[in-house]
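As structure tokens, the structure follows; a few thoughts come after it.
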Amino acid sequence: MMDEKFVRKLLSNMKCGICGCQYESSNIKILGHREDLWFLSVFCVSCKSQGLVAAVVKDGKAPEILTELSEDERRRLSIPVNSDDLIDMYGFLRDFNGDFSSLFAE
């Protein structure tokens with residue numbers, strides 16, 4: 001069974017997708033996990049960007065960490081945020097109690 005300290009150390013080798021600097025272990029917060037799927041919040045001290053990471057970490061195998069987006073992913077994610085998106089996110093966050101595991105309840 002993976003412990004949080006090990007996962008945080010393992011993922012500290014990950015680089016910021018914005019500026020390319022490595023994340024510091026202290027700026028990786030574990031939000032939760034379900035089996036081998038871990039959810040983390042990362043903060044880059046260099047460019048001050050923050051992100052969410054979902055990583056599959058299995059015993060006995062080094063995880064494959066992808067930091068570069070494919071051209072298709074870049075196009076898909078480059079759609080501008082509109083006011084409806086902001087209203088939807090506001091409604092979600094207003095009612096969200098912080099329990100990420102409930103988002104994945106079966």
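Here, each number is a calculation from the coordinates, and none is a lab measurement. Only a predicted model underlies this, so the values are computations on that prediction, with no experimental measurement involved. Virtual Cβ from ideal backbone geometry, glycine too; neighbours counted across all protein chains shown.
Data table
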{"item": "Long-range HN-HN contacts of residue 28 with modeled amide H, under 5 Å", "result": "none"}
{"item": "Residue order, fewest to most beta carbons within 10 Å, for 68, 4", "result": "68, 4"}
{"item": "Length added when fully stretched, residue 78-residue 36, from 0.36 nm per residue minus Cα-Cα", "result": "12.2 nm"}
{"item": "For the chain: relative contact order, % (alpha-carbon pairs under 8 angstrom, 6 or more apart)", "result": "19"}
